[in-house]
Amino acid sequence: MKRLLSVILVCVMLLSLAACGSGNKPGPSQSSTPSASQSAEPTKPANEKKPVIGVAIFDYSNNYVTYIRNSIMSVGGDKADIQMVDAQNDQAKQVEQIDILLSKGVDVLCVNAVDPKAASTIISKAKAADVPIIFFNRSPSKEDMLSYDKCWYVGTTPEDSGRMQAEMAMEAFKNDSKFDKNGDGVLQYVILKGTLGHPDAEARTNAVQETFANAGFKTELLDVQPGDFKTQTAKDVTDVWMGKFGDKIEMILSNNDAMLLGAIEAAKAEGYFSGDASKVMGAIGINALPEILPAIKDGTIIGSILSDAYSEGLNIFTMAYNVATGKDVYEGVEIKPDDMKAIRVPYIPISKDNVNVAEEMYAKALNK
Ligand code: CA
């Protein structure tokens with residue numbers, strides 16, 4: 001009998017946990033802001049309702065987006081009821097989640113689309129419910145952005161990161177003769193590209209090559225392979241490169257740091273990135289994730305291009321809060337919108353000399 005009772009008790013507990021978790025799942029490293037009913041501030045009149053901000057994330061497992069959502073939560077604090085959901089990289093699921101958020105009566109939606117091409121579907125739903133949208137991180141087309149007066153975008157200019165990466169590569173190659181391993185004055189390099197057709201992957205990859213060409217910098221592109229923005233895929237790609245090109249590779253340029261981490265792991269198995277002076281290979285990433293900063297600090301890699309997740313989160317929350325509370329959307333936003341109502345946060349090149357800039361940014365993004 002006791003045993004039966006305890007089984008029932010466990011079932012009840014599990015059921016209530018499941019109920020808590022439905023719809024509004026907090027991420028692994030954070031929790032959603034408590035609902036307004038639980039946290040009515042004593043200084044405010046009871047009838048003053050906090051704005052309800054629905055945030056649809058494409059995939060909680062993405063490192064960079066995790067910093068953006070931490071930043072949104074940290075900037076938002078208890079100013080709003082933030083309801084955040086994870087689409088787990090499934091566009092159909094995200095559309096359902098947006099339907100649920102809209103039916104709950106959110107004041108504004110912040111959308112990190114799984115597939116930017118789904119923006120028109122999302123816009124038509126929000127438009128029908130007269131709910132404004134702040135898209136972020138994955139940019140809808142200009143046409144979609146201009147189809148709804150109550151939608152805005154917060155992100156970056158992806159070409160800039162590719163251009164800065166190429167500039168960093170040229171500087172390193174010119175200033176340090178060790179990178180020209182075969183001494184021919186030409187940079188032999190490979191590119192780890194993100195997901196084929198992904199706007200950031202295309203823009204970054206093209207910008208790298210254009211920047212080299214425009215500067216008249218002599219290069220030989222040994223190979224470009226998609227690594228899907230993922231560490232493991234990039235590791236597999238680099239394993240093949242090690243066998244195919246080996247020491248011919250003078251530099252690896254990666255569309256993001258997650259892939260570069262995989263490349264470093266694969267190349268390490270061949271003796272590179274281990275401090276062995278006879279095994280030189282340059283490497284530059286994009287994002288300047290905390291995981292890559294130690295490698296920049298100790299000179300294992302040349303550097304990375306910081307995407308400022310804190311500023312992105314700050315602007316997303318500020319704009320969402322503004323529209324939800326009837327203010328001008330751009331109030332308090334320091335960056336000027338472009339012709340598709342996009343706020344583009346600048347990238348910052350990070351090398352050994354200014355790793356602290358990235359560290360300080362993450363400290364701000366994680367500040368609870
Ligand atoms: Ca060379």
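One compactness figure for the range 159-306 is 0.92, namely its Cα radius of gyration divided by 2.2 N^0.38 Å.
At 27 angstrom or more along the helix axis (alpha-carbon based) and mean Kyte-Doolittle of -0.5 or higher, what helices does the chain contain? Whole DSSP H runs only. All intermediate terms of the calculation are to be shown ahead of the outcome.
On the way: long enough: 2-21 (28 Å, 2.00).
Span-like helices in the chain: 2-21.
Once the chain from residue 331 to residue 79 is taken as fully extended at 0.36 nm per residue, the excess over their C-alpha distance is 89.1 nm.
Magnitude of the Cβ-charge dipole of the range 282-333, K/R +1 and D/E -1, about the Cα centre, nearest 20 debye?
Numbers: 2 positive and 6 negative charges, 8 e Å.
Charge dipole, the range 282-333, about its Cα centre: 40 debye, nearest 20.
Taking label points 7 Å from Cα along the Cα-to-Cβ direction, residue 356 and residue 265 give a separation of 3.3 nm.
Dipole magnitude for the range 159-306: about 180 debye, using +1 per Lys or Arg Cβ and -1 per Asp or Glu Cβ, origin at the Cα centre.
The accessible surface of the range 159-306, taken with every protein chain in place and a 1.4 Å probe, is 48 percent carbon and sulfur.
Please give the Cα centre distance for the range 102-158 versus the range 233-261, rounded to the nearest Å. A separation of 36 Å, based on Cα centres. When the charge dipole of the chain is built from unit charges on Cβ atoms (+1 for Lys and Arg, -1 for Asp and Glu) and taken about the Cα centre, the candidate among 105, 75, 302 whose Cα reaches farthest toward its positive end is 105.
Working from label points 7 Å from Cα in the Cα-to-Cβ sense, the residue 129 to residue 244 distance is 4.6 nm. In this simple spin-label model, placing a label point 7 Å from the Cα along the Cα-to-Cβ direction at both residue 88 and residue 61 gives a separation of 1.0 nm.
At a Förster distance of 35 Å, what's the computed FRET efficiency of residue 214 paired with residue 274, Cβ-Cβ distance as r, to 0.05?
Details: r = 35 Å, r/R0 = 0.99.
The pair residue 214/residue 274 has a calculated efficiency of 0.50.
Most tightly packed first, judged by the mean number of other beta-carbon atoms within 10 Å of their residues, the peptides 84-97, 333-346 read 84-97, 333-346. Rolling a 1.4 angstrom probe over the protein heavy atoms with all chains in place gives the range 159-306 an accessible area of 40 Å² per residue.
Cα-Cα over 23 Å: which of 117/327; 248/279; 174/230? Don't skip to the answer; put the middle values down first.
Numbers: 117/327 29 Å; 248/279 11 Å; 174/230 30 Å.
Checking Cα-Cα distances, 117/327; 174/230 exceed 23 Å.
Around the amide H of residue 136, modelled in the peptide plane, lie the amide H atoms of 111, 112, 113, 154, all under 5 Å away and 5 or more residues distant in sequence or on another chain.
Assuming charge only on the beta carbon of Lys and Arg (+1) and of Asp and Glu (-1), the dipole of the chain about its Cα centre is about 1120 debye to the nearest 20.
The values are calculated or read from the model by the stated rules, or taken from the named source; none is laboratory data. Just so it is clear, the model here is predicted, and its values are computed rather than measured. Note that each Cβ is placed from the backbone with ideal geometry, even for glycine, and that neighbours are counted across all protein chains shown. Only protein heavy atoms, including side chains, enter the accessible area calculation; ligands, DNA and RNA are left aside. Shrake-Rupley method; radii C 1.70, N 1.55, O 1.52, S 1.80 Å.
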